[in-house]
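Here is the structure we will look at, set down as structure tokens.
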Amino acid sequence: MSAGWRPETLAAQALGRVDPRTGAIVPGIEPATTFLRDPDGGYRTGRSYARADNPTYEPVEALLNALEGGAASLLFASGMAAATAVFQALDPGDHVVVPRVMYWALRGWLMGPATRWGLAVEMVDTTDLDRLAVAVLPGRTKLVWLETPANPTWAVSDIAAAAEIAHRAGALLAVDSTVATPVLSRPLALGADLVMHAATKYLNGHSDLLAGTLTTRREDGLWERLRAVRLQQGGVLGSFEAWLLLRGMRTLFPRVRQSCTSAQALAEALVGHSVVTEVLYPGLASFPGHALAARQMHGGFGGMLSIRIRGGAEAAIATAARVRLWKRATSLGGVESLIEHRASVEGPGSPVPDDLLRLSVGLEDPADLRDDLTEALAAG
């Protein structure tokens with residue numbers, strides 16, 4: 001499609017691809033795992049085996065490139081597979097700086113297997129640029145990892161400033177932009193080198209597949225190592241899952257915008273509630289990172305918020321038990337709204353307050369979501 005079309009148009013039409021043989025306007029699925037070798041032993045098609053590449057990936061990766069403004073993209077079997085591949089492409093002894101508050105599974109992997117393997121992992125409050133600058137060591141730090149907004153407090157880190165700090169020290173900046181999505185933020189345009197998505201969440205949007213993605217600003221040595229990690233470790237996505245991901249991405253913009261609108265309304269309605277001690281949402285003017293979020297997020301502040309409940313963990317868990325419409329389940333970014341007591345899920349060592357409930361706002365009528373939650377709060 002013409003480079004002049006806006007991102008929402010590109011997503012809705014999956015770049016406007018039409019099958020040249022059939023005229024089909026929906027991209028097809030290629031289930032083959034192996035491809036014919038030429039008589040001379042070569043592969044003029046450029047394909048040999050599906051673990052190395054897959055034709056069904058092409059429209060998904062091309063759309064990711066267009067939405068993120070990237071040079072190349074890779075699909076993985078899950079968000080964890082994509083995220084851990086970045087660290088596995090580094091060398092033992094390399095120093096990396098990561099947020100203190102981040103996706104709990106990646107945090108656990110970094111503190112466990114990655115550290116035992118030899119990475120020097122330093123956790124810091126990445127919203128504090130002074131602390132970040134001290135943590136990033138010139139000539140030694142190889143990677144700075146941001147998650148913004150950060151799960152589940154939705155703290156906002158300054159991507160452009162972090163990129164400057166990282167690059168000045170000779171390090172790269174990678175951003176987990178799962179919650180912001182390309183609808184609201186484009187980290188590569190702000191100076192990031194890599195952007196990661198747990199595509200299970202908003203990119204797919206229907207809670208029916210696991211997938212992860214990486215997009216790079218340039219195809220360099222690190223990118224080639226990332227390709228090798230995916231090939232060698234086999235963290236690849238199936239053909240049908242890649243097709244489902246593309247189908248989900250075609251409705252990404254209206255889904256994210258509706259979730260943002262509903263989350264904003266719900267956050268505003270909960271401010272000052274007698275049972276709610278704090279509402280954590282970047283769209284609130286009272287939120288510490290609101291001004292920064294307004295600068296680097298466009299069109300909304302995301303579909304995720306958290307609330308802290310008066311009475312601590314017991315009261316928070318009891319509130320979640322009383323909802324009828326919200327679903328008590330892990331994950332986020334789907335069409336259905338989810339509620340979860342995060343400290344219980346993350347377990348000992350979690351930095352999450354034990355009175356916090358995480359809310360993923362879906363596509364239901366926002367008044368129904370508000371009424372169900374406020375009834376559950378009032379019943380306590």
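The values are calculated or read from the model by the stated rules, or taken from the named source; none is laboratory data. If you're wondering where the values come from, they're calculated on a predicted model, not measured in any experiment. Methodologically, a virtual Cβ is constructed for each residue, glycine included, from the backbone with ideal geometry; neighbour enumeration extends over all protein chains shown. Areas reflect the complete protein model, heavy atoms only, side chains present, ligands, DNA and RNA absent. Shrake-Rupley method; radii C 1.70, N 1.55, O 1.52, S 1.80 Å.
To the nearest ten degrees, helix 366-378 and the longest principal axis of the Cα atoms of the chain are 50 degrees apart. Rounded to the nearest 20, the size of the Cβ-charge dipole of the chain about its Cα centre is 440 debye, with Lys and Arg at +1 and Asp and Glu at -1.
Helix 57-68 and the longest principal axis of the Cα set of the chain meet at an angle near 50°. Would segment 280-380 count as rounded, prolate or oblate if I go by the C-alpha gyration tensor, calling it rounded below 1.5 in a/c and otherwise prolate when a/b exceeds b/c, oblate otherwise? In terms of gyration-tensor shape, oblate. Restriction of the trypsin sites (Lys or Arg not before Pro) in segment 1-92 to DSSP coil positions whose beta-carbon has at most 15 other beta-carbons within 10 angstrom yields R21, R37, R44, R51.
Report the charge-dipole magnitude of segment 99-224 in Debye, nearest 20, computed about the Cα centre from +1 at each Lys and Arg Cβ and -1 at each Asp and Glu Cβ. Provide the component values of the computation, followed by the final result.
Working: 11 positive and 13 negative charges, 36 e Å.
So the magnitude is around 180 debye.
Calculate how steeply helix 221-233 sits against the longest principal axis of the alpha-carbon atoms of the chain, using the helix alpha-carbon long axis, and give the answer as 0 to 90 degrees to the nearest 10. Roughly 90 degrees, rounded to the nearest 10. Placing unit charges on each Cβ (+1 for Lys and Arg, -1 for Asp and Glu) gives segment 163-253 a dipole about its Cα centre, and among T215, M196, G248 the Cα reaching farthest toward its positive end belongs to G248. Considering only chymotrypsin sites (Phe, Trp or Tyr not before Pro) in DSSP loops that have at most 16 other Cβ atoms within 10 Å, the longest stretch of the chain without any of them is 44-380.
Only one residue of S259, N151, G28 has its Cα farthest out toward the positive end of the dipole of the chain, where Lys and Arg carry +1 and Asp and Glu -1 on Cβ, and that residue is G28. Rounded to the nearest 20, the size of the Cβ-charge dipole of segment 40-123 about its Cα centre is 260 debye, with Lys and Arg at +1 and Asp and Glu at -1. Report for the chain the percent antiparallel among DSSP-assigned beta bridges with both residues inside it, nearest 5. Antiparallel: roughly 55 percent of the beta bridges in the chain. Mind jotting down the distance between the C-alpha centroids of segment 320-380 and segment 99-178, whole Å? When both Cα centres are located, 27 Å separates them.
Contact order normalised by length for the chain, with contacts defined as Cα pairs under 8 Å and 6 or more residues apart; what percent is it?
Working: 773 pairs, mean separation 61.2, N = 380.
Relative CO of the chain lands at 16 percent.
The residues of the chain have, on average, 41 Å² of accessible surface per residue, using a 1.4 Å probe with all protein chains present.
Based solely on its DSSP helices, what 222 nm [θ] is calculated for the chain when runs of n ≥ 4 H residues each add -39,500 (n - 2.57) and the sum is averaged over all residues, nearest 500 deg cm²/dmol? Walk me through the intermediate numbers first.
On the way: 14 runs with 134 residues, N = 380.
Estimated from H runs of four or more residues: -10000 deg cm²/dmol.
Projecting the alpha carbon convex hull of the chain along each direction and taking the average yields 19.9 nm².
May I have the pair-distance distribution P(r) for segment 156-261, computed from all Cα-Cα distances with 10 Å bins from 0 and rounded to whole percent? Percent of pairs per bin, in order: 14, 39, 35, 12, 0.
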